[in-house]
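Below is one structure, written out as structure tokens; comments come after it.
The values are calculated or read from the model by the stated rules, or taken from the named source; none is laboratory data. Given the structure is predicted, the values throughout are model-derived calculations rather than measurements. Counting neighbours? That spans all protein chains shown, and the Cβs are built from the backbone with ideal geometry, glycine included.
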Amino acid sequence: MKKILIVEDEWKIRRLMKDYLVKEEYEVDEASNGEEGLVKFSQKEFDLILLDVMMPVKDGWEVAKEIRERSNIPIIMLTARSEESDQLFGYELGIDEYMIKPFNPKLLVAKIKAILRRDSSGNDGKDGEVILGSISINMDKREVKLDGVLIELTPKELDLLNFFIENNKNPLSREKILNSVWGWDYFGDERTVDTHVKRLRKKIGENYIQTVRGFGYKMEV
């Protein structure tokens, strides 16, 4: 049974999310502030975290930053703030998805299922190891190695790298990348792609993903 941690200070929202998730047979634990969330994260193993932004004691940004220093667990950020700058800041920290309040609980459950499905069984059903230059990626195991050394990527970074590898040497527009990796129903703009490419380059090196000026990016290996 998959385990989900809800970190949210409004008990009505926690209860609503928990009720929907329990119906889908997820095991759910709760925290009412960021500090409590970090304690529970340290004590137990979870498969995904639902994390509110505005909370007492320690806000969601601080919590996400501390978690990312220790783990690549999928994080869905919950926020009433729809400003693009907030979303871009979250992606800089390495979160995987955003849900803007008020949200449809059924849509939240669908996003959770999609993330956990990708994280556990690979992307688009592809398995086995693919080697491209110094990079090897195994979507069956959800692992990436650079020069034989395992590197840690968030689920979204892994999906993005896999998409680039599948389209090696092909120029890809930001719109195509966004629709293919994040989905057509994603709430956000093309700068999300730039933010994730920047993070990916820091982890695999600057030379693999090239900028196609005025268009997008391409993998060149």
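Every residue, every condition in (1) closer than 24 Å to residue 104 by Cβ; (2) among the aromatic types (Phe, Trp, Tyr); (3) out of contact with any strand residue (DSSP E or B) (no Cβ under 7 Å at 6 or more places or on another chain); (4) not assigned by TED's automatic domain parsing to the domain that holds residue 105, yes or no:
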residue: 46; (1), (2), (3), (4): yes, yes, no, no
residue: 53; (1), (2), (3), (4): yes, no, no, no
residue: 57; (1), (2), (3), (4): no, no, yes, no
residue: 68; (1), (2), (3), (4): no, no, yes, no
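Which members of the range 79-113 meet the condition of being in contact with a Phe, Trp or Tyr (Cβ under 9 Å, 6 or more places away or on another chain), in a helix (DSSP H, G or I) and among the hydroxyl-bearing types (Ser, Thr, Tyr)? Residue satisfying the conditions is 91 alone.
Could you say which residue among 36, 30 is closer than 27 Å to residue 89 by Cα, more than 18 Å from the chain's Cα centre (by Cα) and part of a strand (DSSP E or B)? Of 36, 30, the one residue that is closer than 27 Å to residue 89 by Cα, more than 18 Å from the chain's Cα centre (by Cα) and part of a strand (DSSP E or B) is 30. If the condition is being touching a Leu at 6+ places or on another chain (Cβ under 8 Å) and either within 20 Å of residue 106 (Cβ to Cβ) or part of a loop (DSSP other than H, G, I, E, B) (or both), then the range 7-27 contributes 8, 13, 17, 20. Look through the range 75-96, keep the residues that are more than 11 Å from the chain's Cα centre (by Cα) and of a type in the set (A, V, I, L, M, F, W, C), and return whichever of them is surrounded by the fewest Cβ atoms within 10 Å (Cβ to Cβ). Selected residue: 80.
Within the range 179-218, the residues that satisfy the criterion of being of a type outside the set (Val, Ile, Thr) and under 14 Å from residue 158 (Cα atoms) are 180, 182, 196, 198, 199, 200, 201, 202, 203. Only a single criterion out of (1) at pLDDT below 85; (2) among the small types (Gly, Ala, Ser); (3) exposed (fewer than 14 other Cβ atoms within 10 Å of the Cβ) is not satisfied by residue 122, namely (3). Does residue 47 count as touching a helix residue (DSSP H, G or I) at 6+ places or on another chain (Cβ under 8 Å), at pLDDT below 95, surrounded by 15 or more Cβ atoms within 10 Å (Cβ to Cβ) and within 17 Å of residue 99 (Cα to Cα)? No. Residues considered: 103, 163. Of these, the only one that is assigned by TED's automatic domain parsing to the domain that holds residue 70, modelled with pLDDT of 85 or more and within 30 Å of residue 52 (Cα to Cα) is 103. May I ask you to list the residues in the range 55-65 that are within 26 Å of residue 15 (Cβ to Cβ), of a type outside the set (Phe, Trp, Tyr) and either assigned to a helix (DSSP H, G or I) or touching a residue at least 40 places away in the same chain (Cβ under 8 Å) (or both)? Answer for the range 55-65, where residues must be within 26 Å of residue 15 (Cβ to Cβ), of a type outside the set (Phe, Trp, Tyr) and either assigned to a helix (DSSP H, G or I) or touching a residue at least 40 places away in the same chain (Cβ under 8 Å) (or both): 55, 56, 60, 62, 63, 64.
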